[in-house]
Amino acid sequence: MSVPEFFAAAPTLRVRDPLADFLGAATGGELEYCYLDAVKLAGHSCPTVAGSYLATIRALQFLYPDSLPVRGRIGVKFRASQEDGVTGVMAAVAGLLTGAAGGGGFKGIGGQFMRHDLLQFDVPVPLEMRFVRLDSGAGVDVALNLQRVPADPAVRSLLGQALDDAATPEQRQQFAAAWQLRVKGILVDRVDDPELIRLQPCHSVQSAGRCALLVE
């Protein structure tokens, strides 16, 4: 499998998944995710996939400053509906890294390891999404500002050429290379830009072992 070289330079995320530990999938439940995992999930690499991947990592680093994030014990709320724009793609990436799932998610074993209903939409949070620890209720609101990494002005015309049935392999490759340059900008070149990912701490409360969120 051949992928752009910069994929390997993107941030990675290590988590501890109690379910993976319980079922013997990984020693100690420790799992490591890389950007290629998100690409495989989505089937493509784009600014939305890259931004969602980076935003989730930043949120988990904020919520777990001194320990590995606990996958499966994190709730994710979106302000938009699942069908709105790219929200579904963002949710898929966030769910991959956090273990959060919608109503059809894993129902647990003996009342433990439940993942269902941890991914929710149409929640009136102030920014695009909210991540919350189920154990402590600590939460953080997150917004992406992908305009910090603008696309090459030539991408639009290159896209038109690449979509043409008469496009040559060289034209399509030229478009793809230009497209991935913006993704590289998000994940590598501007990865530490504080204005790219906005984090805002929030308050929450515990309810029956699952997290009921309050909007500030």
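Just so it is clear, none of the values below were taken in a lab; they were calculated from the coordinates. Everything numeric here is computed off the predicted structure, so don't read it as measured data. Here the Cβ positions follow ideal geometry from the backbone for every residue, glycine too, while neighbour counts run over all protein chains shown.
Structural remarks
Rundown of residues vs (1) surrounded by 16 or more Cβ atoms within 10 Å (Cβ to Cβ); (2) out of contact with any strand residue (DSSP E or B) (no Cβ under 6 Å at 6 or more places or on another chain); (3) under 17 Å from Cys202 (Cα atoms), yes/no style:
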position	(1), (2), (3)
Arg71	yes, no, no
Phe78	yes, no, yes
Asp84	no, yes, no
Ala101	yes, no, no
Val132	yes, no, yes
Arg148	no, yes, no
Leu163	no, yes, no
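- Every listed requirement among (1) without any contact (Cβ under 8 Å) to a residue 40 or more places away in the chain; (2) in contact with an Asp or Glu (Cβ under 6 Å, 6 or more places away or on another chain); (3) of a type in the set (D, E, K, R) is met by Arg148 save one, (1).
- Residue under evaluation Ala55, criteria (1) out of contact with any helix residue (DSSP H, G or I) (no Cβ under 7 Å at 6 or more places or on another chain); (2) in contact (Cβ under 8 Å) with a residue 24 or more places away in the chain; (3) surrounded by fewer than 23 Cβ atoms within 10 Å (Cβ to Cβ); (4) of a type outside the set (D, E, K, R), criterion not met: (3)
- Hey, Asp37 among the charged types (D, E, K, R) and in contact with a Phe, Trp or Tyr (Cβ under 9 Å, 6 or more places away or on another chain) or not: yes
- Matching residues in the stretch 43-89 - criterion: being assigned to a helix (DSSP H, G or I) and of a type in the set (D, E, K, R): Arg58
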